[in-house]
Each structure stands twice: as C-alpha cells, then as structure tokens.
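Below: one structure, written as structure tokens.
The values are calculated or read from the model by the stated rules, or taken from the named source; none is laboratory data. What you are looking at is a predicted structure, and each value in this text was computed from that prediction instead of being measured. Every residue, glycine among them, receives a Cβ derived from its backbone with ideal geometry; neighbour counts consider all protein chains shown.
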C-alpha cells in the first residue's frame, strides 16, 4: 500500500472509530444533564430558589472553565498531536464524572463540574483530527457524518440515564457514565491512528503573537467562531424552557414529560438524516451556500414556534430545526477547516469549542431571563432574530462564502 492509499484508508478508518466514540461521549453527557437539578436537590435541604441558583452554577461551571481552557489545549494539540488530546479529555472527564457520584455537598459538585470543564473537548478534538486528516474535497461530508455520532448519543442518553436512575439511583448513573468514558479512552488509545507532524518551531516573534494571527483569512475565521456562539446560544436558550412550554400548550394535562422528551429528540433525528446529505452537497456546490440556507431556514422555522397552539405543530417545527442545525454546525466547521492551515487546525477548533461554551452558558442564562420577564414565546422570537442578525453579518462581511465550490 503506497502513502496515498494509506492516507485514504487512515482517515476513513478513524472516521468510523471516532463516530462510535463520539456516540458514546454524547450518550454519556446527555445521561447526566436532565438529572443535575434533581441531584443538586438531593445534596442538602435547599429552598426552591436555592436549588435553581445552585443548578445554574453547576450547569454553567463546566462551560465557563471550558471556554477559558479550550484555546490553551488547542495550542498544545497543534504541537503534540490530536490523539493525545482525545486521551486527555476522555480520561480526565471519566475521573471527574466518577468523583461526582461521590459528592456530598453542592460546592463539591460545582468544583468537579469546573474540573470537567478543564478536560472538556472530546468531540471538538475528534473533529480537529478528522479535519486535519481528511482531503479538503471530502471534509464537508466527513465532518457532517462525524457530527451525527454525538447527536445520536445525545438522543439515546436521556432514555438510558432515565432507566438507570429509575432502577438504581442518580449516583449510579455517574459511575456508569465514567465507565463509558473510560471505554472511549481505551478505544481511542488502541484504535485511533495519527501520523502527526508538528508544525515548525515558531520564531521568537511568532511566539509573542496570537496564534490566530497566523490564519490567512482571520476576519472570516472570527465571523465563523462568532456564528458558532450565536447558533449555540439560540439552541441552548430554548432547551431549558421547552418542557415548560409543552406543559403550557397541554394545559398541564396528559403525559407532559414523555411529550417534552419526544420534542427534545426530534431535532436530533432530522439532524442525523440531513447533516451527511447537506455536507456532501456543500462539498460539490459550496459550503457557504449550505450555511446561508441553514440560517434562512432556521429563521423561518423559529418564528412560528412562538405562535403555536398545538404540540403537534410545535413537534413538526422542532423536527425542521434539526435540518437547519445539520446545515449550520457542520458547515461552520467545514469552512473553518477549508480556511485554516493544517498546522493550526486544533488551535482554531479549540477556539470554536470556546465560543460554543460561551454560547451554551449565555443561552441558558439569558433564555431563562427572557422567559421570566416576557413569556416562553419571546425566547423563540429572540432566537429567530439572532439567526437573522448572524445571516446579515455573514452576508455583508464575508461575501466570499456565497461563491460556488471551485473544482
């Protein structure tokens, strides 16, 4: 087998392995998230207001620390390799998760969630490794396919976590999650292969400069990173209130939790179907065109969700949102890949993770604030306006993404 054939085989093999590992990681995280507030309330005799406040701190601690740590790990990855980062994050988070199951006070849980933020980033590092190895003409399809791994795990995780918590306890769910992450560590260690060639040693002047300055089209990169934050902000602002919105639409009658769970899963189902197809289309006709379609489609789908009077109509619109997500997240990553030197792939993807963490944190906080001041439908309206604003910024400030793909 010559070098070209070996390279072709390597990225496809790693894509299959990392899809499965991303599936496990996505499932592991989503097993825990729905029950964090219940776990917080079990750690002491707290009032309703205290549980809400502590739950917000527990939720935000991971993303706050992760936003700071991600760029630092990205620079290490570009010097030492992306596989090492996969091992670092899977083992570190496994330890943090296992210790969470032993927590006896809410401040211990907040500290351990912060520790989790230090080691966070398995899926972004998997994306960086695949982005660096995959030929540019296949990068859209490869990254879109990889995205469906984490999405599939996110869909299954709440169901598995709910069953485990019902049969055993929430504490046991943390231990199971830690075991799954240890499995990911072993699979990454044994099966993932990386022929890593570090970037040339930087000059003294380059060391003093921000690594992102070395990216040729820095303005586009910053716009794409900001787009990640805006899209994640919109998604996360809706997640905390969707079950309450369902409760209001059902007039507090019927299987509210089951319906809310189904509605939460619908975008993921359509995302799995749409993302690989949109990625392949973007590789042939231009990733920027797919990205612009995603913003327009998201805006059109978000606005009506604030007016619905039926959970059935809300379900259809939530299903459609998964299609826009399949166009937005993977194509942002694809455009980052195509406009970043290979030697800086991990640095740029770690900044992307940092901006995503900021979007997660701000979305959860401001989404609840808007719903409290106005109503649940205000969150959908604000998200639609945010998508429209992001579209306008890309349209005027990055006209190059509207160009068709070149041969």
>> Which of the numbered conditions does residue 300 fail, given that it passes all the others? Conditions: (1) part of a helix (DSSP H, G or I); (2) surrounded by fewer than 21 Cβ atoms within 10 Å (Cβ to Cβ); (3) at pLDDT below 85.
In response: (3)
> Which condition breaks for residue 273 when tested against (1) within 23 Å of residue 146 (Cα to Cα); (2) touching a helix residue (DSSP H, G or I) at 6+ places or on another chain (Cβ under 6 Å)?
Replying inline: (2)
>> If I ask for residues that are part of a helix (DSSP H, G or I) and exposed (fewer than 14 other Cβ atoms within 10 Å of the Cβ), which ones from segment 370-384 would you list?
In response: 372, 373
>> Any residue that is surrounded by fewer than 24 Cβ atoms within 10 Å (Cβ to Cβ), modelled with pLDDT under 80 and in a helix (DSSP H, G or I) - is there at least one of those in segment 386-395?
In response: no
> Quick one: is residue 110 touching a helix residue (DSSP H, G or I) at 6+ places or on another chain (Cβ under 7 Å), modelled with pLDDT of 85 or more and within 26 Å of residue 11 (Cβ to Cβ)?
Replying inline: no
> Failed condition for residue 266, given (1) within 21 Å of residue 23 (Cα to Cα); (2) modelled with pLDDT under 85; (3) surrounded by fewer than 16 Cβ atoms within 10 Å (Cβ to Cβ), with all others met?
Replying inline: (3)
> Residue check: is residue 122 in contact with a helix residue (DSSP H, G or I) (Cβ under 9 Å, 6 or more places away or on another chain) and either outside the structural domain of residue 189 (by TED's automatic domain parsing) or surrounded by fewer than 20 Cβ atoms within 10 Å (Cβ to Cβ) (or both)?
Replying inline: no
> Could you count how many residues in segment 232-278 are under 18 Å from residue 370 (Cα atoms) and part of a loop (DSSP other than H, G, I, E, B)?
Replying inline: 0
> When the residues of segment 92-106 are filtered to those that are in contact (Cβ under 8 Å) with a residue 40 or more places away in the chain and under 19 Å from the mean Cα position of the chain (by Cα), which remaining residue is surrounded by the fewest Cβ atoms within 10 Å (Cβ to Cβ)?
Replying inline: 94
>> Looking at (1) surrounded by fewer than 21 Cβ atoms within 10 Å (Cβ to Cβ); (2) closer than 30 Å to residue 372 by Cβ; (3) modelled with pLDDT of 80 or more, which one does residue 227 not meet, given that it meets all the others?
In response: (1)
>> As an exercise: evaluate residue 205 against (1) modelled with pLDDT of 70 or more; (2) exposed (fewer than 15 other Cβ atoms within 10 Å of the Cβ) and give the number of the one condition it does not meet.
In response: (1)
>> Given (1) within 17 Å of residue 360 (Cα to Cα); (2) in contact (Cβ under 8 Å) with a residue 24 or more places away in the chain, identify the lone condition not met by residue 55.
In response: (2)
